[in-house]
Amino acid sequence: MAEAHQAVAFQFTITHEGIDLHLSYQALNQIYLSGLRSWKKRISRIKNRIIKGVYPASPSSWLFVVIAILATMYMQSDPSMGIITKIRDLDRTRTVLSVLLFSTLLWLSLILALRFCLKLLLSYHQWMFELHGRISTKTKVWATLVRLLSSRKPLLYSYQTSLPHLPVPSIKDTLERYLESVKPLLDVAGFQRMTRLAAEFEKSLGNRLQKYLKLKALWATNYVSDWWEEYVYLRSRSPIMVNSNYYGMDFLYVTPTATQAARAGNTITALFLYRRKVNREELNPVCDKTLFLGFIPLCAAQCERMFNTTRTPGEETDVLQHWQDSEFVAVYHRGRYFRLWVYRAGRLLSPREIQYQIQRILDDPSPPSPGEDKLGALTAGNRMPWAQVRKQFFSSGVNKRSLDCIEKAAFFVTLDDQEEGMMGENPSVNLDRYAKSLLHGKCYDRWFDKSLSVVVYKNGKNGLNAEHSWADAPIVAHLWEFTLATDAFHLGYTADGNCRGEIEHSLPPPQRLSWDIPLQTHVSESLAVAQALADDVDCHVFPFREFGKGCIKKMKMSPDSFVQLALQLAYYRDRGTFCLTYEASMTRLFREGRTETVRSSSNESCAFVLALEAGETISQSLCLFRKAAEKHQNLYRLAMTGSGIDRHLFCLYVVSKYLGVESPFLKEVLSEPWRLSTSQTPVQQMELFDLVNHPEFISLGGGFGPVADDGYGVSYIIMGEEMINFHVSCKHSCTETDSHKFGSQISQAMMDLMTLLNPDFKEATKANPDKQS
């Protein structure tokens, strides 16, 4: 360990002859190499700051401008129109220095002009509303200009200053869209009442709140994101386990190795390789081709706090703490906490060395210290007690030092002693148990405050639990795709299932963390709260294999719209009514953008479901189906381009609270329950997975807990061309919800909608029974 090396680097003894100094050259070499790594990182950061600071120009373009100006001056022409002469006379400098100064100012002006032009171009979003294959001339010209201005290979954060700010929609437009979204969910009297409340709000308080919001939009980078992070996530006092955190799963059909330590070694290595890419800004900020031709940049601000980050509890609000670097991970195994250094002498340990260190932890027979084994339950319970306990017992001494090791770690690792995955005689039940394990575990064997908690099971399966406040699921999904692909296809394993690489056997063992915990009562109370919440969660995960996006696209329909309409049909069949539906959409086309809500339950979707269930003709139902799908696509585009409903109303509500005024309209809108909360996990790096030659390497995606006590949480991942994986959650305490029943309703709705689009599909499915689940 670095501390140990520093401690023994210098030793001296005092004798009658003077001071006898002993130097440990091996320790000094370790310190030198560690310092060298730190300086390399600093130089790399400075270099990246310069490169992204002048984007879309390049640092070398400064030299081009200087040479051009000097050449023009040599030809007895003054391109500065007398400015160079004035600079020379003012400062009495030489002509060359005056030219350099003028050239630098001209170069900086050109950079600002280019950046302003790029920002204007990226503010154009009409391309998203144009039909596929019918691109207007205006959009073609725009696309050409964007490509020209962004032709240089960007760094991860190169586009940040060129991204447009999220616009504030008009009050009138937001209220009209809101009323349209709730019309199919209310009776006549209820809709008239909401219409009256909306009109009163627009005439009285609305415009006043809007002025404050526009003022914030002029001043802040994003008028939503800071309030969304604070009030939706950090100020919540309920447990973040289940209610906020979400999970990601391993491959569905394969496990690269059955050796737990080896899988942990490769997984930890892959995560640090991804962190290296983030630090060096080597990730591409441009979205994939599924959005639009692969040249539209997305905001990368959420990547900054991916690693070395923890959520620390407070009595009124939590705080996200981020450290610049961390060379170790925190590991939990059988009630003990360890600090595992993954860097030695400035180099990242090989996967085989990390496996060796993990195996040392697995083989460690020492028992947990009193109260240590269930300490993590504090992060799973209510936030107020955890904040009080942290302040009282973890502010100094050995507890603070050990807690710092966990919170300052790059991420958290749990070596679980259970076996999970789709296995055994009842793979469906085991898959559901696997999801619950990743969502909440035993309620004390995860550290839910860490930005990332990796779980590696006894049989080699792995998974991920992510804290939600610092970033949204697509950011974590991108990381997890890289991790799985790097683990399986690039790092790989030996024939006997071990990691590749050499071992330096002189590695110091992982450091066992020490605790003095006279707070078993507090831990037990938090554990009781968390356990009740975990026991109430009902999860069902199932792969839908009958068809995928390939078949849906052949019918000229958006796969996401298709799935959302299937969910509307399934919910109506399950509950006999419609409900307010939440679908997460990203707003990362704007700087520091996060998410917006797509209200998937629309007039068109409800009309289609009612017509289909009433037995209307196929042609009429099909017409309504396509109208509903087009409406959903339009709602999604509006949300992505800053014309959503819910974030605007949320911010107006926050302003009203700051001003100390009450709005009956906003209060009612913000209290409406989302009984169907949905999210698609996008596959962003399909090129990493060769599903043609290795179709078994299919990811299961991830899921989350239910948002409403009497509702469902549904996550789905459209994987490849022939599979869609669903994650359904609800609560056992609600007698009206059942995840397995709703999962069956989803599968049946998917089949019915495809049969409506293609009447021959059912017969084709019967002829090919291997496609069925």
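The values are calculated or read from the model by the stated rules, or taken from the named source; none is laboratory data. Quick caveat: nothing in here was measured; it's all calculated off a predicted structure. Note that we place each Cβ from the backbone using ideal geometry, even for glycine, and neighbour counts take in every protein chain shown. When the accessible area is computed, the model is the full protein with side chains, heavy atoms only, and any ligands, DNA or RNA have been set aside. Shrake-Rupley method; radii C 1.70, N 1.55, O 1.52, S 1.80 Å.
At 7 Å along Cα-to-Cβ for each site, give me the label-to-label distance between residue 504 and residue 176 in nm.
So the two model labels end up 6.7 nm from each other.
What base-10 log of the normalised intensity I(q)/I(0) is obtained for region 104-157 from the Debye formula, alpha carbons as equal point scatterers, at q = 0.14, 0.18, 0.20, 0.24 Å⁻¹?
Cα-only, vacuum Debye calculation for region 104-157: -0.47, -0.70, -0.81, -1.01.
At 0.36 nm per residue, and after removing the present C-alpha to C-alpha distance, how many nm does the segment from residue 418 to residue 58 gain when stretched out fully?
So the extension gain works out to 124.3 nm.
Using the Cα centre of region 409-533 as the reference point, and only Cβ charges (+1 on K/R, -1 on D/E), how large is the resulting charge dipole? Debye, rounded to the nearest 20.
So the dipole magnitude of region 409-533 works out to roughly 100 debye.
If I histogram all Cα-Cα distances within region 474-547 using bins 10 Å wide from 0, what percent of pairs lands in each bin?
Calculated P(r), rounded to whole percents: 12, 15, 26, 29, 17, 1.
What spacing in nm lies between the two simple spin-label points modelled at residue 280 and residue 345, each 7 Å away from Cα in the Cβ direction?
Here the answer is 2.1 nm between the modelled labels.
Towards the positive end of the charge dipole of the chain, with charges on Cβ (+1 Lys, Arg; -1 Asp, Glu), say which of 475, 248, 590 has the farthest Cα.
590
Identify, among 259, 326, 215, the residue whose Cα sits farthest towards the positive end of the charge dipole of the chain, taking +1 on the Cβ of Lys and Arg and -1 on the Cβ of Asp and Glu, with the dipole about the Cα centre.
215
Within region 448-522, what whole-number % of the accessible surface is contributed by carbon and sulfur, with the 1.4 Å probe and all protein chains included in the calculation?
53 percent
If you project the alpha carbons of region 555-710 onto the principal axes, what extent comes out on each, in Å, largest first?
Principal extents (largest minus smallest coordinate, Cα): 60, 45, 30 Å.
Once every DSSP H run of n ≥ 4 in the chain is given -39500 (n - 2.57) and the sum is divided by its residues, what mean residue ellipticity at 222 nm do you get, rounded to the nearest 500 deg cm²/dmol?
-14500 deg cm²/dmol
What net charge do the residues around residue 57 carry, taking every other residue with its C-beta under 14 Å from that of residue 57, with Lys and Arg at +1 and Asp and Glu at -1?
Once positives and negatives cancel, what remains is +4.
Report, in whole Å, the centroid distance computed from the Cα atoms of region 668-702 and region 320-388.
The two parts, judged by their Cα centres, are 29 Å apart.
Which whole-angstrom value gives the distance between the alpha carbon centres of region 457-478 and region 485-538?
Centre-to-centre (Cα) distance: 14 Å.
Write down the accessible area per residue of the chain in Å², having rolled a 1.4 Å probe over the full set of protein chains.
With all protein chains present, the chain gives 44 Å² per residue.
With point charges of +1 on the Cβ of Lys and Arg and -1 on the Cβ of Asp and Glu, referenced to the Cα centre of region 665-744, which listed residue (728, 674, 685) lies farthest in the positive direction of the dipole?
Result: 674, furthest along the dipole toward the positive end.
Determine, at each q value in 0.16 (inverse angstroms), the log₁₀ of I(q)/I(0) that the Debye formula gives when each Cα of region 411-475 is one equal point scatterer.
Result of the Debye calculation: -0.53.
Step by step: find N for region 105-251, compute 2.2 N^0.38 Å, then divide the Cα radius of gyration by it. What's the final number?
Normalised Cα radius of gyration, region 105-251: 1.47.
How big is the equivalent ellipsoid of region 564-610 along its three axes, where each semi-axis is √(5λ) from the Cα gyration tensor, reported in whole Å from largest to smallest?
27, 9, 7
In a shell of Cβ-Cβ distance under 10 Å around residue 711, excluding residue 711 itself, what net charge do Lys and Arg (+1) and Asp and Glu (-1) give?
0
Please report, in debye to the nearest 20, how large the charge dipole of the chain is about its Cα centre when each Lys and Arg carries +1 at its beta carbon and each Asp and Glu carries -1 there.
Using only the charged Cβ atoms, the result is roughly 2940 debye.
Give, rounded to the nearest 20 debye, the magnitude of the charge dipole that region 239-536 has about its Cα centre when Lys and Arg contribute +1 at Cβ and Asp and Glu contribute -1 at Cβ.
In debye, rounded to 20, region 239-536 gives about 580.
Would you mind checking region 388-426 for residues with the amide N under 18 Å from a putative spin-label position 7 Å along Cα→C-beta of residue 524?
Counting backbone N atoms under 18 Å from the label point, the list is 389.
I'm a student and want to see the number: the projected area of the Cα convex hull of region 239-536, averaged over all directions, in nm².
16.6 nm²
How many percent of the alpha carbon pairs in region 160-214 exceed a separation of 14 Å?
61 percent
Restricted to Cα positions, what overall size does region 217-281 have along the principal axes? Three whole-Å values, descending.
On the principal axes, region 217-281 reaches 52, 34, 20 Å in Cα extent.
Any idea what log10 I(q)/I(0) is at q = 0.10 Å⁻¹ for the chain, Debye with uniform C-alpha scatterers and no solvent?
Log10 I(q)/I(0), no solvent term: -1.14.
What's the local net charge at residue 515, with K and R +1, D and E -1, over the other residues with C-beta under 12 Å away?
+2
Post the alpha-carbon centroid distance, region 616-655 to region 297-316, in whole angstrom.
With region 616-655 and region 297-316 each reduced to a Cα centre, they are spaced 30 Å.
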